[in-house]
Amino acid sequence: MKRDRTITILTLLLAAMLVFAPFLPNWTMFLFTVSLCYGVVVLGMMLLIRTGLVSFGHGLYYCMGAYAAGALQPLFGITELAIMLGSAIVVTAAVSAILALLLRKYRDIFFAMLSLAFSMILYGLLVKSSSLGSTDGFNVSVKTAFGVHIAGTAYERYLIFAMTATVAWICAVLVHRYLNSHRGRLAEAIRDNELRVEYMGASVANTIHVNYVMSAVLAGLGGALMAVSVGHIDPEMAYWTTSGEFVFISILAGTGSVLAPFLGATIFESIRSFAYEYSPNTWQMALGTAMLLVIMFLPGGLWSLFKREGRSTR
């Protein structure tokens with residue numbers, strides 16, 4: 001039986017990032033930070049896709065997590081990082097637990113469109129909310145547990161990168177353990193045959209509910225990390241195009257491993273950054289071409305390359 005080395009690989013990658021990050025150019029460290037934030041969100045999307053569900057409205061929780069973390073400063077004067085991340089987790093968990101009672105009844109396009117509707121409702125509310133900056137949003141000031149305000153120095157940029165990488169590692173390890181648990185293994189069975197899962201005595205509705213809440217919490221945590229990293233929040237985080245990016249990365253990466261979302265997010269952000277730098281008027285074409293090639297030649301996502309390599313080696 002082949003030994004699972006996923007957690008070992010995750011730990012080695014985390015150690016490498018923490019060691020070599022100070023020697024990277026500022027733009028590279030920022031690109032990896034953004035990729036890690038997106039990766040955490042797509043990690044949650046992977047839970048739903050394995051269950052046979054695709055959400056076109058996960059920008060709802062991404063944005064909600066960012067606002068739950070960032071709004072603590074203007075409303076209550078709180079800038080402690082741990083409290084901000086905790087607030088994002090609590091708010092997204094509470095809202096998703098309620099919405100999941102409705103969403104778990106739907107499948108396919110109905111699930112996708114209903115999730116999108118909730119996301120656009122939040123977008124509309126935020127655009128009309130002058131106290132939260134309306135369409136312009138507002139800036140976010142953050143303080144670490146050591147009392148250091150995250151601003152623009154190299155040391156402070158490294159702190160936010162290290163914090164983001166560590167949180168992403170924790171999320172990936174927990175999701176990996178969950179996917180290898182009894183309930184986690186039910187996801188693919190539900191996707192293939194819900195009726196058979198019910199005959200086995202497992203609750204499809206409860207499993208989807210749990211997966212949806214976990215997915216929402218990861219999206220909210222990714223949004224909070226992005227707010228901290230970028231230092232700004234606006235309603236565009238809930239717009240349908242943002243949710244579309246998460247779906248894009250999910251398809252690009254595949255769902256074969258918890259490492260896949262971070263690989264996909266890094267490639268997506270790299271293509272977008274370089275394409276926008278060298279061809280600002282046609283950068284969407286570069287992303288579309290990448291998606292077309294993946295769908296044509298790697299329908300299982302980029303991670304299927306590693307599965308093929310593993311089979312050929314054996």
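Since every read-out is calculated from the coordinates, none of them should be taken as a lab result. Only a predicted model underlies this, so the values are computations on that prediction, with no experimental measurement involved. Cβ atoms come from the backbone with ideal geometry, glycine included; neighbour counts cover every protein chain shown.
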Suppose R0 equals 22 Å; then what is the FRET efficiency for ASN26 and PHE138 from their Cβ-Cβ distance, rounded to the nearest 0.05? 0.40
Anisotropy class of segment 1-122 from Cα gyration tensor, a/c 1.5 cut: oblate
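Per-residue counts of other Cβ atoms within 10 Å, averaged by peptide: what ranking do you get for 227-234, 135-142, 280-287, highest first?
Working: 227-234: 21.6, 135-142: 17.0, 280-287: 12.4.
Listed from highest to lowest mean packing, they are 227-234, 135-142, 280-287.
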Please list the non-local residues whose amide H lies under 5 Å from the amide H of HIS232, H modeled 1.01 Å from N, same-chain partners needing a gap of 5 or more. VAL140
Using only the alpha carbons of the chain, what is the convex hull's orientation-averaged projected area in square nanometres? 17.3
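Which of the three applies to segment 115-263, rounded, prolate or oblate, going by the alpha-carbon gyration tensor with a ≥ b ≥ c and a/c under 1.5 meaning rounded?
On the way: a/c = 2.55, a/b = 1.54, b/c = 1.66.
Because a/c hits 1.5 or more and a/b fails to exceed b/c, segment 115-263 counts as oblate.
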In order through segment 47-56: 3J(HN,Hα) via Karplus (6.51 cos²θ - 1.76 cosθ + 1.60), integer Hz, x for Gly, Pro: 4, 6, 5, 5, 8, x, 10, 10, 9, 9
The chain, Gaussian network, Cα under 10 Å: of ALA165, ALA253, ALA290, the residue fluctuating most is ALA290
Would you calculate the separation in nanometres between label points at GLU80 and LEU293, each defined as 7 Å from the Cα along the Cα-to-beta-carbon direction? 4.8
Please give the peptides 198-204, 5-11, 154-160 ranked by average Cβ packing (other Cβ atoms within 10 Å per residue), highest first, as a rough proxy for protection. 154-160, 5-11, 198-204
At R0 = 22 Å the Cβ-Cβ FRET efficiency linking VAL173 and LEU12, nearest 0.05, sits at 0.95
Treating only Lys and Arg (+1) and Asp and Glu (-1) as charged, each at its beta carbon, one finds that the chain has a dipole about its Cα centre, in Debye to the nearest 20, of 1040
Scalar couplings 3J(HN,Hα) for segment 167-182 by Karplus 6.51 cos²θ - 1.76 cosθ + 1.60 (θ = phi - 60°), nearest whole Hz, x for Gly and Pro, are 5, 4, 4, 4, 4, 5, 5, 5, 5, 4, 5, 5, 5, 9, 8, 4
Long-range amide H partners of GLU80 with built H, under 5 Å: LYS143
Could you list the residues of segment 229-265 with an amide nitrogen less than 18 Å from a label point located 7 Å from the Cα of SER130 in the Cα-to-C-beta direction? 235
The ³J(HN,Hα) series, computed from each phi in segment 58-64 with the Karplus coefficients 6.51, -1.76 and 1.60 at θ = phi - 60°, rounded to the nearest Hz and given as x for glycine or proline, is 6, x, 4, 7, 4, 6, 4
I need to check one value: relative contact order of the chain, counting alpha carbon pairs closer than 8 Å and at least 6 residues apart, in percent. 34
Measure out, as a whole number of angstrom, how far apart the alpha-carbon centroids of segment 1-51 and segment 204-242 sit. 17
What 222 nm value per residue comes from the helices of the chain, counting each DSSP H run with n ≥ 4 as -39,500 (n - 2.57) and dividing by all residues, nearest 500 deg cm²/dmol? -24000 deg cm²/dmol
Could you order the peptides 47-53, 88-94, 176-182 from most to least packed, using the average number of other C-beta atoms within 10 Å per residue? 47-53, 88-94, 176-182
